[in-house]
Number of protein chains: 2
Amino acid sequence: MKRDLDISVVIIEDDETIREGYAFLIGNTSGYKIAGTYPSVEETLKKIEGDDPDVILLDVELPGISGVESLPKLKKLLPETHILILTVYEQEALIFKALGNGAAGYLTKNTPPERIIAAIHEVMDGGGPMSANIARMVISSFKRNESSPLTRRETEILEQIATGKSRKRIADELFIDLETVKSHIKNIYHKLDVHSKADAIKTAKDNKFI
Amino acid sequence: MKRDLDISVVIIEDDETIREGYAFLIGNTSGYKIAGTYPSVEETLKKIEGDDPDVILLDVELPGISGVESLPKLKKLLPETHILILTVYEQEALIFKALGNGAAGYLTKNTPPERIIAAIHEVMDGGGPMSANIARMVISSFKRNESSPLTRRETEILEQIATGKSRKRIADELFIDLETVKSHIKNIYHKLDVHSKADAIKTAKDNKFI
DNA sequence: TCCGGTATCACCTATTTAGCGGTATTTTAA
DNA sequence: TTAAAATACCGCTAAATAGGTGATACCGGA
């Protein structure tokens with residue numbers, strides 16, 4: 001048995017039953033081995049360097065330091081390790097924070113065992129495994145609102161404003177007069193019923209107009 | 001055979017061999033039926049309303065109107081239909097534009113047939129099927145740079161600036177003095193080697209500091 | 001315990017920008 | 001062919017920006 005070529009996995013999960021369940025599942029799958037299991041981030045940080053895992057399965061709701069908060073620390077300690085979130089939580093804010101903090105994938109706990117194994121393999125292969133509803137949320141975060149009141153040009157100009165450019169600079173880059181830009185902005189403000197660029201940007205982003 | 005309960009699929013793809021291949025594959029899978037196949041968007045728009053498909057498989061590189069550009073029109077015509085991109089292209093810009101325009105999933109053409117069938121089912125179930133490398137790109141688009149030169153406070157302030165808020169307003173909302181905000185901004189500009197907020201925002205976004 | 005980085009606040013100047021009120025022409029797409 | 005969209009101009013005031021120079025308090029790691 002070539003244990004050196006096995007994918008080594010660490011599990012960080014406070015519920016012992018679940019933790020041992022995953023460990024049993026993964027440890028008994030050919031090609032995978034368990035390098036360590038921990039009930040908390042604090043425990044993990046003390047010993048994980050010796051484990052040198054390829055993949056970490058991380059719960060987000062842990063006692064003490066939460067899983068999401070620990071992500072930067074884990075990534076710093078083990079830059080090459082892929083971290084998979086495995087949790088019951090499906091709140092958008094939590095998901096995007098986890099992905100922003102360096103999670104390589106996000107699975108919910110109703111994921112069938114074979115899918116978890118597949119996800120570990122997938123993440124080693126450069127993929128980004130996600131549960132179906134997580135993927136849906138991630139995709140719809142990109143989706144623009146089809147029924148924007150703004151015209152194409154207005155949208156374009158508001159996008160430019162949102163990058164912090166001045167009206168003069170926008171005018172120059174779009175090869176139109178400063179006065180034209182001002183006209184568009186007046187119309188944008190009127191349509192969105194706002195009176196400042198900050199409010200215009202906020203309204204437009206909230207409604208996915210930009 | 002209860003054809004009414006089958007998932008009806010339309011394929012838009014200019015290569016006849018590929019198009020007929022997918023049609024054969026899907027048409028011969030129990031639970032799925034082909035409502036129509038088209039070589040171009042122009043052809044599709046004329047007749048697709050009669051097809052009333054549940055799912056459209058859409059190629060992005062089509063002669064005439066491109067697949068990505070046609071997304072808003074298709075969505076307007078068939079608001080309930082899920083559109084899956086099926087293409088060889090893996091350019092980030094194209095992917096994010098497709099997702100922004102309302103695509104419900106993104107598959108590359110090396111996807112095995114059974115995965116395509118699964119993806120159609122998944123999208124009907126509210127999921128967001130993506131090929132592994134697409135998912136990786138999508139996930140890493142959320143990822144922040146761990147080695148930002150900016151401090152926590154500086155990052156926070158630059159994020160606020162990127163929302164279009166004035167320094168005064170940022171100061172008020174963070175309960176600090178306007179002068180403090182100005183100091184932070186000076187430091188930010190120096191660290192990023194820029195001389196305007198537009199450039200600071202651009203540099204920070206390019207490097208995923210914010 | 002000391003020190004460097006961080007966060008905080010101050011005062012100065014000059015210039016640019018933002019926002020609001022109108023009006024009006026040309027171009028484009030349904 | 002006509003309404004919507006994009007373009008442009010004028011005048012006005014208040015606000016915001018960018019740069020310089022300096023100072024004080026705090027806090028975490030060596």
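Of all positions in region A:64-79, none carries a residue that is more than 9 Å from every other protein chain (Cβ to nearest Cβ), touching a Lys or Arg at 6+ places or on another chain (Cβ under 6 Å) and at pLDDT 90 or above. Within region A:157-169, if we keep just the residues that are β-branched (V, I, T) and more than 8 Å from DNA strand C (Cβ to nearest atom), the residue that is surrounded by the fewest Cβ atoms within 10 Å (Cβ to Cβ) turns out to be A:T163.
When residues in region A:44-61 are screened for being touching a helix residue (DSSP H, G or I) at 6+ places or on another chain (Cβ under 6 Å) and among the aliphatic types (A, V, I, L, M), 3 of them pass. Whenever a residue of region A:187-206 is closer than 10 Å to A:P149 by Cβ, its partners that are within 10 Å of DNA strand C (Cβ to nearest atom), lying with C-beta atoms within less than 7 angstrom and at least six residues away or across chains, give the pairs A:I188/A:A200; A:L192/A:A200. In the set (1) modelled with pLDDT of 95 or more; (2) farther than 24 Å from A:F209 by Cα, B:Y106 fails one condition alone, (2).
For region B:190-210, filtering for residues that are within 12 Å of chain A (Cβ to nearest Cβ) and over 15 Å from B:R152 (Cα atoms) leaves 11.
Annotation: of all residues in region B:152-171 being touching a residue at least 24 places away in the same chain (Cβ under 8 Å) and more than 8 Å from DNA strand D (Cβ to nearest atom), the one that is nearest to A:K202 (Cα to Cα) is B:A162. Residues that are under 28 Å from B:M137 (Cα atoms) and within 14 Å of chain B (Cβ to nearest Cβ) are absent from region A:43-58. If the condition is being assigned to a helix (DSSP H, G or I) and either surrounded by fewer than 16 Cβ atoms within 10 Å (Cβ to Cβ) or within 7 Å of DNA strand D (Cβ to nearest atom) (or both), then region A:172-186 contributes A:D172, A:E173, A:L174, A:L178, A:E179, A:T180, A:K182, A:S183, A:H184, A:K186.
The values are calculated or read from the model by the stated rules, or taken from the named source; none is laboratory data. Quick caveat: nothing in here was measured; it's all calculated off a predicted structure. Cβ coordinates were reconstructed from backbone atoms using ideal geometry, including for glycine residues, and neighbour counts include every protein chain displayed.
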